[in-house]
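These notes are about the structure you will find just below.
The values are calculated or read from the model by the stated rules, or taken from the named source; none is laboratory data. Note that the structure is predicted; figures quoted are calculated from it, not measured. Every residue, glycine as well, gets a Cβ built from its backbone with ideal geometry; the counts of neighbours run over all protein chains shown.
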Amino acid sequence: GAVVSQHPSWVICKSGTSVKIECRSLDFQATTMFWYRQFPKQSLMLMATSNEGSKATYEQGVEKDKFLINHASLTLSTLTVTSAHPEDSSFYICSATGTSGRYEQYFGPGTRLTVT
Amino acid sequence: EDQVTQSPEALRLQEGESSSLNCSYTVSGLRGLFWYRQDPGKGPEFLFTLYSAGEEKEKERLKATLTKKESFLHITAPKPEDSATYLCAVQAAGGYNKLIFGAGTRLAVHP
């Protein structure tokens, strides 16, 4: 139980284009989803928190106009990196918490983004 | 400020050599402390949640314990497949379910 998927698992895009990453909870309803990025040999950095049907809450220093988050349903959240630049290249990971009242976050497998 | 510090940064063990990883934390009201395992190029895998001092959880060769200031992840008779980065995270009461992660401990178990 508590499986989270991400698509795509890796993507290469050209500088200036936009790329969308999907995060789905497969066997539970996710009241809250989180988006992280991780640089090599570093820990996870929270980018934003989203609740179904509400606007995302972004962490300090994260550009909300660049990283668009949509949490349209209890099983799907998307992260769109707009006008991507090489410095946006990173490992993006989503996580979700369910409706059970427990606090564990279950993580997706991650998406490797490379901007050329 | 809520903070999590993990030590050591890296640990090399021989197969069968038991050891412990440390997670020290300062948080304004602990809701829960979480341990995750992360393999290279993958998302973290949930291991344990600890809620209050004195609590212990076990899973196979792993045992997690919690005090008011730190948590330990004990690894008994590790195998090469236990090699991974182990992440500790805390969640503060009133923190809107946010996790504050430590930098992790990279564990390598050699046969």
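Considering only the stretch B:55-71, state which residues are touching a Leu at 6+ places or on another chain (Cβ under 7 Å) and of a type outside the set (Lys, Arg).
Scanning the stretch B:55-71 gives B:Glu55, B:Leu62, B:Ala64, B:Leu66, B:Ser71.
Conditions first: (1) at pLDDT 95 or above; (2) within 14 Å of chain B (Cβ to nearest Cβ); (3) part of a strand (DSSP E or B). A:Pro109 passes all but one, so which condition is the exception?
(3)
How many residues, within the stretch A:16-54, are aromatic (Phe, Trp, Tyr), part of a loop (DSSP other than H, G, I, E, B) and under 21 Å from A:Leu76 (Cα atoms)?
The total comes to 1.
Is the stretch B:76-86 home to any residue that is at the interface with another protein chain (Cβ under 10 Å from one of its Cβ atoms) and surrounded by 15 or more Cβ atoms within 10 Å (Cβ to Cβ)?
yes
Any idea which of A:Tyr103, A:Tyr92 is at pLDDT below 90, among the hydroxyl-bearing types (Ser, Thr, Tyr) and under 26 Å from B:Thr85 (Cβ atoms)?
Residue meeting the stated conditions: A:Tyr103.
Can A:Tyr103 be described as among the aromatic types (Phe, Trp, Tyr), at negative phi and assigned to a loop (DSSP other than H, G, I, E, B)?
yes
When both residues are 6+ apart or on different chains and their Cβ atoms are under 8 Å apart, which pairs have a first residue that lies in the stretch A:36-58 and is over 12 Å from B:Ala103 (Cα atoms), and a second that is acidic (Asp, Glu)?
Sorted first by the residue in the stretch A:36-58, then by its partner, the pairs are A:Leu46/A:Glu59; A:Met47/A:Glu59; A:Ala48/A:Glu59.
How many residues does the stretch B:9-64 hold that are touching a residue at least 24 places away in the same chain (Cβ under 8 Å) and charged (D, E, K, R)?
7
Which one is surrounded by the fewest Cβ atoms within 10 Å (Cβ to Cβ), of the residues in the stretch B:65-75 that are within 11 Å of the chain's Cα centre (by Cα) and closer than 14 Å to B:Ser24 by Cβ?
If we take residues in the stretch B:65-75 being within 11 Å of the chain's Cα centre (by Cα) and closer than 14 Å to B:Ser24 by Cβ, then B:Phe72 is surrounded by the fewest Cβ atoms within 10 Å (Cβ to Cβ).
For the stretch B:90-111: of the residues being among the aliphatic types (A, V, I, L, M) and facing chain A (nearest Cβ under 8 Å), which is surrounded by the fewest Cβ atoms within 10 Å (Cβ to Cβ)?
Per the criteria, the residue is B:Ala103.
Determine if the stretch B:32-52 includes at least one residue that is in contact with a strand residue (DSSP E or B) (Cβ under 8 Å, 6 or more places away or on another chain), modelled with pLDDT under 95, surrounded by fewer than 19 Cβ atoms within 10 Å (Cβ to Cβ) and more than 14 Å from chain A (Cβ to nearest Cβ).
no
Per-residue answers, yes or no, for (1) closer than 25 Å to B:Gly41 by Cα; (2) under 13 Å from the mean Cα position of the chain (by Cα); (3) of a type in the set (Phe, Trp, Tyr):
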| position | (1), (2), (3) |
| --- | --- |
| A:Met47 | yes, yes, no |
| A:Gly53 | no, no, no |
| A:Asp65 | no, no, no |
| A:Leu74 | no, no, no |
| A:Thr80 | yes, yes, no |
| A:Ser83 | yes, no, no |
| A:Cys94 | yes, yes, no |
| A:Gly98 | yes, no, no |
| A:Tyr103 | yes, no, yes |
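Would you confirm, using the coordinates I've provided, whether A:Gly108 is within 22 Å of B:Gln91 (Cβ to Cβ) and exposed (fewer than 14 other Cβ atoms within 10 Å of the Cβ)? Steps first, please.
Details: within 22 Å of B:Gln91 (Cβ to Cβ): yes; exposed (fewer than 14 other Cβ atoms within 10 Å of the Cβ): no.
No: the conditions fail for A:Gly108.
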